[in-house]
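Working notes for the structure below.
The values are calculated or read from the model by the stated rules, or taken from the named source; none is laboratory data. Not measured: the values here are computed from a predicted model. Here the Cβ is made from the backbone with ideal geometry for all residues, glycine too, and neighbour counts use every protein chain on show.
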Amino acid sequence: MIYDVIIIGGGISGCTIARTLSKYDLKICLLEKEADLASGTTKANSGVVHAGYAAEREYVKRNLCIKGNKMYTQAAEELNFPFKRIGSFVVALEDNQIKTLEEYRKKGTEDGVLGLEIILDQKKILHMEPSLTEEVVGVLHAPSAGIVSPYEMTFALAENAAMNGVKFFRNHKVSKISHSDYTFTVKTKQDEFEGRNVINAAGIYARKISKMVGLDYFDIMPRKGEYILFDRNVLHLNKILFPTPTKISKGILVCPTIHENTFVGPNAQNITDKKDIATTTAGLKEILEGARSLVPNIPERSAIRNFAGLRAVPDTYDFIIDNTDVYGFINVAGILSPGLTSCFAIAEKVESFLELLGEELKIKETYNPFRPKPERFHDFTMEELDQKIKDDPAWGNIICRCETVSEKEIIDSIHSPVGARTVDGVKFRCRPGMGRCQGGFCRPRVIEILSRELNIPYDEVTKRGEDTNFLVGRTKDFILKNMEQGGVED
Amino acid sequence: MIKYETDVAVIGSGAAGLAAAVEVKKAGLGVLILERDRELGGITLQCIHNGFGLKEFNEELTGPEYAQRFINEVHKLQIPYELDTMVIEIKPGTPEKQYKTLIAINKREGVINIQAKAVILAMGCRERPRGAINIPGFRPSGIYTAGQAQRFVNMEGWLPGKTYVILGSGDIGMIMARRLTWEGCKVKAVVEILPYVSGLLRNQVQCLEDYDIPLITNYTVTKIHGANRIKGVTISKVDRNFDRVIGTDKFIECDTLLLSVGLIPENELTFNAGAELSSNNGPIVDNNLETTIEGVFACGNVLQVHDLVDLVTAEAKRAGNYAIDYINNRYGNDTKKNGQIKCIAGENVNYVKPDVINKSDIAKEIIFTFRVRYPDRRVLIQFKDENGVIYKKKKIYVIPSEMIELNLNLEEIGLNKDCKRIEIEVIPRPEVLIEED
C-alpha cells in the first residue's frame with residue numbers, strides 16, 4: 001500500500017496536520033517513536049493559546065499565531081477538547097515598561113489581534129486579578145488569549161483523524177528514508193511505509209529526519225523549560241500572567257490550567273542532550289522567584305509536581321514550514337512558541353503545499369469533523385450518574401480519588417480510537433494520578449485495568465513504554481532465582 | 001437513587017472506623033460502615049508485620065490479625081457495611097433538618113443517599129508524594145511511596161524493584177527496608193534529611209540496625225537519574241536550613257526509590273463539607289472529637305497521624321461514645337456552645353488535639369494529644385492560661401515521632417473559667433539551663 005501522506009511525529013503539529021488532512025480523500029498514516037502521542041514538547045507545554053502580539057513582524061510565526069488563535073473557537077467546538085479564552089495580562093511593574101506594552105497594543109491591533117487594551121487603573125487591575133502583586137503599574141489585557149490542555153487536545157485531534165481514516169503507528173521510530181520515482185520509503189524497526197508525500201513534524205528531532213532525505217539547512221536546539229504545578233483550590237487565577245518581556249526572555253508566567261491547577265514556569269536553558277528533561281534545583285528556584293514577582297503568594301507547599309520539557313528552537317528563531325527541494329517532502333520544524341497557538345494555521349499551510357504538489361484535495365463524503373466529548377464523572381448530576389451506573393457499573397467504581405475518575409473513564413480511554421496503552425497514556429487522557437497524591441492510591445488499580453483490558457501480563461504494563469516498567473517480577477520468583485544462582489548477593 | 005437511614009454513618013473501615021462502629025452498635029444504636037476498598041480493614045491489611053495490639057489486647061499481632069478481631073465483632077453484631085463504596089459528599093444538617101446527608105456511589109447500587117444523625121470520619125491518611133517535596137531530576141518509573149511498595153509486595157505479590165534507596169525514615173519506610181531485604185532485595189540506604197530518625201526507635205533497631213541497612217541522616221535526595229527507569233539518585237548533605245552543602249554529593253545506584261516522607265490526614269471530604277481544618281491538616285475538633293460541623297466526629301489518622309494502631313482504636317472508641325452521647329442527649333436541641341477555649345500550640349509544640357474545649361465540659365477529664373517539633377531532653381510540659389502557668393509536668397525526653405498524651409481535668413488544676421485560650425508548650429527545664437551555665 002502506498003500512502004498519499006506519511007506524517008512523522010505525533011505531537012500537536014503532526015496530529016493537527018493529520019486531522020486537517022483527514023477530511024480529504026487521502027490515505028494517511030502517522031508515525032510516532034514514543035509509546036504514545038504528545039510525548040515530547042507537546043506534553044510539557046504551558047498550554048497557552050497566545051493572542052499574537054508578541055512575535056516580531058518579520059517572523060512568519062506572528063501571522064500564523066494571530067490566525068491560529070482565531071481558529072481555536074471552531075476547533076474546540078468540533079473536537080470537544082477543553083479550551084477557555086480567559087485572557088492574559090502582560091504585567092508592568094515599572095512605569096518605563098508601559099512603553100513596551102503600548103507598542104504591543106498598537107502593532108497587535110493593526111495586525112488583527114482583537115480587544116487589546118492597556119489598563120493603568122490599579123484598582124481595576126486588582127479587581128480583575130486579585131492575586132496579582134500590588135506593585136503592578138499597568139497591564140496589557142489580551143482577552144483573546146486562552147488556556148488549553150495541549151495533550152488532551154492532541155488526543156482529540158488524533159481520535160478525530162483516526163475516525164476519518166488516518167492510521168496511527170506508535171512505537172515506530174523512523175530510522176531511514178529513501179526515495180525514488182516520487183515515492184518515499186520510510187523505515188522503522190518493525191515496518192516499512194511507502195508514501196508519495198512525507199511531512200516532517202518530528203519536533204526536536206526534525207533536523208535528523210530532514211537529513212535522511214539529504215536536506216541539511218537548519219538546526220534545532222533543545223531549550224529546556226521547567227515548571228512547577230500546584231494543587232487545585234489553593235490559588236485561583238482569573239488570567240494568564242506574563243511579566244513584561246525583555247529582549248532575552250518572555251519570562252516566567254503564572255497561569256491557571258484548564259483543570260483549575262496553577263503552574264509557574266517555564267525558564268529557558270539551552271542544552272545539548274535531547275533526552276535531558278530533568279528538572280534542576282537552580283531552575284526550580286529560578287521559576288519560583290520569577291513567579292513571586294507577579295504573584296507574591298505562590299503556594300510553595302502545595303506543589304504537586306515539577307517537570308520540564310524541551311522546546312524545539314530553530315537557528316532561525318522562526319518556524320521552518322517548507323515545501324522543500326525534495327519533491328513531496330515538507331518540513332514543519334522549529335515549531336517553538338507560539339506553535340501550539342499556530343497549529344491550525346500551520347496545518348492549513350501544509351494543506352496548500354500539498355495542493356501545489358498536485359494532490360487532489362477533495363473532501364470525503366464520509367468526513368465527520370466532530371469528535372464526541374469524552375464522558376466525565378464530574379459532568380453528571382447525581383441522578384444522571386445513578387442511571388449511568390445502572391447502565392454500566394464501571395461508572396460506580398472510583399479509581400482516582402483526587403480527581404474523581406471512574407473505572408469507566410479509564411476503560412474508555414483505553415478503547416478510544418488511538419487509545420491509551422500505558423499508565424501515563426491513561427493519566428494524560430482522563431487524569432487518574434494527576435491530583436495531589438500523584439497516583440499513590442490509583443496506580444496499582446490503573447495497572448490492573450490496563451492489564452485486563454489489553455490482555456497483557458500485569459508486570460508488562462509500563463509507565464510510558466519501553467524500559468519504564470513498574471514491577472520486576474513476582475516476590476518469590478526473585479528470591480528463588482537468587483538461590484539458584486548461589487545465594488543472595490550481600 | 002437508593003436511600004438509607006441510620007443513626008451513625010462511619011466513613012472508612014480501618015482500625016478507627018471498625019472500633020467506632022462496634023462501640024456505637026454495642027450501645028444499641030444503628031450504624032452503617034462505608035468502605036471504598038474491596039474488604040474491611042483499611043491499611044492494616046497490608047501491614048503484615050507484627051507489633052500490633054500490645055495495648056489493646058496485650059498480645060502481639062500482625063495488622064490483618066488485629067483488624068480481624070474487629071471484623072469478627074462487626075459480623076457478630078451484624079453491623080451492616082458497604083464495600084467498594086466511595087463517599088463523595090457530606091452535607092451538614094440544618095436547623096430544620098438535623099440529619100446529615102452522605103452521597104456515596106458503588107457499582108451495585110449506583111448513587112446512594114444516606115441519612116444519618118451523626119457521622120464519624122475515619123478515612124485515615126495518605127503518604128506525601130514526590131511532588132510535595134519537589135525533588136529535582138528526571139521523572140522515571142521506579143519511584144513509589146513506601147506504602148505503595150508495601151501494597152505491591154504484601155497484597156499483590158509483586159516486587160517493584162531489586163535495589164532500593166529509601167528517602168525518609170518514617171515507620172513504613174523502615175518496615176519496608178526490612179521486608180524487601182527478606183525478599184532478597186538490596187536496600188542500599190535509608191536517607192533522612194533530619195539529624196534523627198522520623199519513625200519509632202524500635203523500627204530503627206529492628207528494621208535497619210538488625211539488617212545492617214545504612215541510615216544516612218542530614219542527607220536528602222537532590223537529583224533523580226534515569227530517563228526511563230530510575231538508575232540512581234544523588235544524595236547531598238544539608239545544613240540547618242535544609243540547604244544542600246556544596247561538595248557533599250554522592251551517587252547511589254538503584255532501580256527503585258521509595259519515599260517515606262510523611263503522612264497527611266486525608267480530609268478532602270471533610271473540607272468540602274465545610275469543616276475547618278487545623279495546621280496538621282486534620283479537622284478542628286473539640287474535646288468531644290466533634291468537628292466544626294455539628295454531629296460530625298473524627299478519629300484515627302484522619303484527625304492526627306498516630307504512632308500505634310492501638311492508640312487509633314482508643315481514640316475511635318471515644319469518638320463512638322461521643323457520637324452516642326450526641327444522639328442520646330444533644331440531638332435536636334442546640335445545647336452545645338456555651339463558649340469555647342482555644343488550645344494553642346506554643347513553643348516546641350507542632351499541634352494539639354483537641355483544638356478547642358467546650359466551657360461546659362471543663363469539669364470533665366480531657367485527653368490532650370500533641371507532638372513536639374524537635375527532639376529535646378529534660379523538658380517541662382506547661383499549660384498556660386491568660387494568667388500564667390496552670391500545669392507543669394517533667395519529661396525526660398521528647399521526640400516528634402512519639403505522640404504525647406495527657407489526661408487533665410482543667411477545673412481541678414485551676415483554670416480560669418473566663419479564659420479564651422490555653423497554650424501548651426514544651427520548654428527546657430530551668431534547672432537544666434542553670435546546669436549548663
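None of B:Val356, B:Val349 is of a type in the set (Val, Ile, Thr), in contact with an Asp or Glu (Cβ under 7 Å, 6 or more places away or on another chain) and within 16 Å of B:Ala298 (Cα to Cα) except B:Val356. Do we have any residue at all in region B:394-404 that's exposed (fewer than 14 other Cβ atoms within 10 Å of the Cβ), over 25 Å from the mean Cα position of the chain (by Cα), in contact (Cβ under 8 Å) with a residue 24 or more places away in the chain and closer than 18 Å to B:Ile344 by Cβ? For region B:394-404, residues exposed (fewer than 14 other Cβ atoms within 10 Å of the Cβ), over 25 Å from the mean Cα position of the chain (by Cα), in contact (Cβ under 8 Å) with a residue 24 or more places away in the chain and closer than 18 Å to B:Ile344 by Cβ: absent.
For A:Ala347, the criteria (1) more than 14 Å from chain B (Cβ to nearest Cβ); (2) surrounded by fewer than 21 Cβ atoms within 10 Å (Cβ to Cβ); (3) of a type in the set (Gly, Ala, Ser) hold in every case but one, which is (2). The strands (runs of 3 or more DSSP E) falling completely within region B:97-212 that include 1 or more residues that are over 20 Å from B:Asp255 (Cα atoms) and within 14 Å of another protein chain (Cβ to nearest Cβ) map to B:100-106, B:110-121, B:125-127.
Consider region A:78-108 and keep the residues that are more than 28 Å from the chain's Cα centre (by Cα) and among the β-branched types (Val, Ile, Thr). The one that is surrounded by the fewest Cβ atoms within 10 Å (Cβ to Cβ) is A:Thr100.
In region B:294-314, the count of residues that are assigned to a loop (DSSP other than H, G, I, E, B), farther than 30 Å from A:Thr281 by Cα, out of contact with any strand residue (DSSP E or B) (no Cβ under 6 Å at 6 or more places or on another chain) and without any contact (Cβ under 8 Å) to a residue 40 or more places away in the chain is zero.
Yes/no per residue for (1) modelled with pLDDT of 95 or more; (2) surrounded by fewer than 21 Cβ atoms within 10 Å (Cβ to Cβ); (3) more than 16 Å from B:Leu269 (Cβ to Cβ):
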| site | (1), (2), (3) |
| --- | --- |
| B:Ile2 | no, yes, yes |
| B:Val10 | yes, no, no |
| B:Gly14 | yes, no, no |
| B:Gly17 | yes, no, no |
| B:Val22 | yes, no, yes |
| B:Gly28 | yes, yes, yes |
| B:Arg38 | no, yes, yes |
| B:Thr44 | yes, no, yes |
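When region B:179-196 is filtered for residues that are surrounded by fewer than 24 Cβ atoms within 10 Å (Cβ to Cβ) and either more than 26 Å from the chain's Cα centre (by Cα) or touching a residue at least 60 places away in the same chain (Cβ under 8 Å) (or both), the ones remaining, listed by number, are B:Arg179, B:Thr181, B:Trp182, B:Glu183, B:Gly184, B:Lys186, B:Lys188, B:Ala189, B:Tyr196. The residues in region A:357-391 that are more than 14 Å from chain B (Cβ to nearest Cβ) and among the hydrophobic types (A, V, I, L, M, F, W, C) can be counted, and the count is 4. Scanning region A:287-328 for residues that are among the acidic types (Asp, Glu) and either assigned by TED's automatic domain parsing to the domain that holds A:Phe353 or in contact (Cβ under 8 Å) with a residue 40 or more places away in the chain (or both) returns A:Asp315, A:Asp318, A:Asp322, A:Asp325. Return yes or no: is A:Asp318 part of a loop (DSSP other than H, G, I, E, B) and away from chain B (no Cβ under 14 Å)? Yes, satisfied. Residues in region B:246-275 that are in a loop (DSSP other than H, G, I, E, B), β-branched (Val, Ile, Thr) and modelled with pLDDT of 95 or more: B:Thr248 only.
For B:Met86, the conditions (1) surrounded by 24 or more Cβ atoms within 10 Å (Cβ to Cβ); (2) of a type in the set (A, V, I, L, M, F, W, C); (3) in contact with a strand residue (DSSP E or B) (Cβ under 8 Å, 6 or more places away or on another chain) are fulfilled apart from (1). Scanning region B:202-216 for residues that are touching a residue at least 24 places away in the same chain (Cβ under 8 Å) and surrounded by fewer than 17 Cβ atoms within 10 Å (Cβ to Cβ) gives B:Arg202, B:Asp210, B:Tyr211, B:Pro214.
Within region A:401-415, the set of residues being modelled with pLDDT under 95 and crowded, with 22+ Cβ neighbours inside 10 Å comprises A:Arg401, A:Cys402, A:Glu403. Scanning for something touching a residue at least 40 places away in the same chain (Cβ under 8 Å), touching a strand residue (DSSP E or B) at 6+ places or on another chain (Cβ under 9 Å) and under 30 Å from B:Arg421 (Cα atoms), does region B:250-260 turn up at least one residue? Within region B:250-260, not a single residue is touching a residue at least 40 places away in the same chain (Cβ under 8 Å), touching a strand residue (DSSP E or B) at 6+ places or on another chain (Cβ under 9 Å) and under 30 Å from B:Arg421 (Cα atoms).
Inspect region A:472-487 for any residue being touching a residue at least 24 places away in the same chain (Cβ under 8 Å) and of a type in the set (Lys, Arg) and give the result as yes or no. Checked region A:472-487: no residue is touching a residue at least 24 places away in the same chain (Cβ under 8 Å) and of a type in the set (Lys, Arg). Would you be able to say whether some residue in region B:214-225 is within 12 Å of chain A (Cβ to nearest Cβ), farther than 30 Å from B:Ile88 by Cα and not in a strand (DSSP E or B)? Within region B:214-225, none of the residues are within 12 Å of chain A (Cβ to nearest Cβ), farther than 30 Å from B:Ile88 by Cα and not in a strand (DSSP E or B). Of A:Ala75, A:Ala44, A:Ala55, A:Ala51, all but one fail to be in a loop (DSSP other than H, G, I, E, B) and under 15 Å from A:Ile147 (Cβ atoms); the exception is A:Ala51.
Listed here are the residues, each with its yes/no results for (1) basic (Lys, Arg); (2) surrounded by 17 or more Cβ atoms within 10 Å (Cβ to Cβ); (3) in contact (Cβ under 8 Å) with a residue 40 or more places away in the chain; (4) in a strand (DSSP E or B).
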| residue | (1), (2), (3), (4) |
| --- | --- |
| B:Asn348 | no, yes, yes, no |
| B:Val352 | no, yes, yes, yes |
| B:Ser360 | no, no, no, no |
| B:Ala363 | no, no, yes, no |
| B:Ile366 | no, yes, yes, yes |
| B:Phe370 | no, yes, yes, yes |
| B:Arg373 | yes, no, no, no |
| B:Val379 | no, yes, yes, yes |
| B:Lys384 | yes, yes, yes, yes |
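From the list A:Gly112, A:Gly87, A:Gly165, the lone residue that is touching a His at 6+ places or on another chain (Cβ under 8 Å) and at positive phi is A:Gly87. The residues of region A:392-410 that are in a helix (DSSP H, G or I) and either within 13 Å of chain B (Cβ to nearest Cβ) or small (Gly, Ala, Ser) (or both), listed by number, are A:Pro393, A:Ala394, A:Trp395, A:Gly396, A:Glu407, A:Lys408.
Taking the criterion of being closer than 20 Å to A:Leu31 by Cα and part of a loop (DSSP other than H, G, I, E, B), the residues of region A:128-181 that qualify are A:Asn164, A:Gly165, A:Val166, A:Arg170, A:Asn171, A:His172, A:Lys173. Total residues in region B:44-74 satisfying the condition of being among the small types (Gly, Ala, Ser) and either in a helix (DSSP H, G or I) or free of Cβ contacts under 8 Å to residues at least 60 places away in the same chain (or both): the figure is 2. Evaluate region A:400-421: report whether one residue or more is within 18 Å of B:Ile230 (Cβ to Cβ) and out of contact with any Pro (no Cβ under 6 Å at 6 or more places or on another chain). Among the residues of region A:400-421, not one is within 18 Å of B:Ile230 (Cβ to Cβ) and out of contact with any Pro (no Cβ under 6 Å at 6 or more places or on another chain), which makes the answer no.
Under the condition of being outside any helix (DSSP H, G or I), more than 14 Å from chain B (Cβ to nearest Cβ), out of contact with any Phe, Trp or Tyr (no Cβ under 9 Å at 6 or more places or on another chain) and of a type outside the set (Lys, Arg), the residues counted in region A:193-224 number 8.
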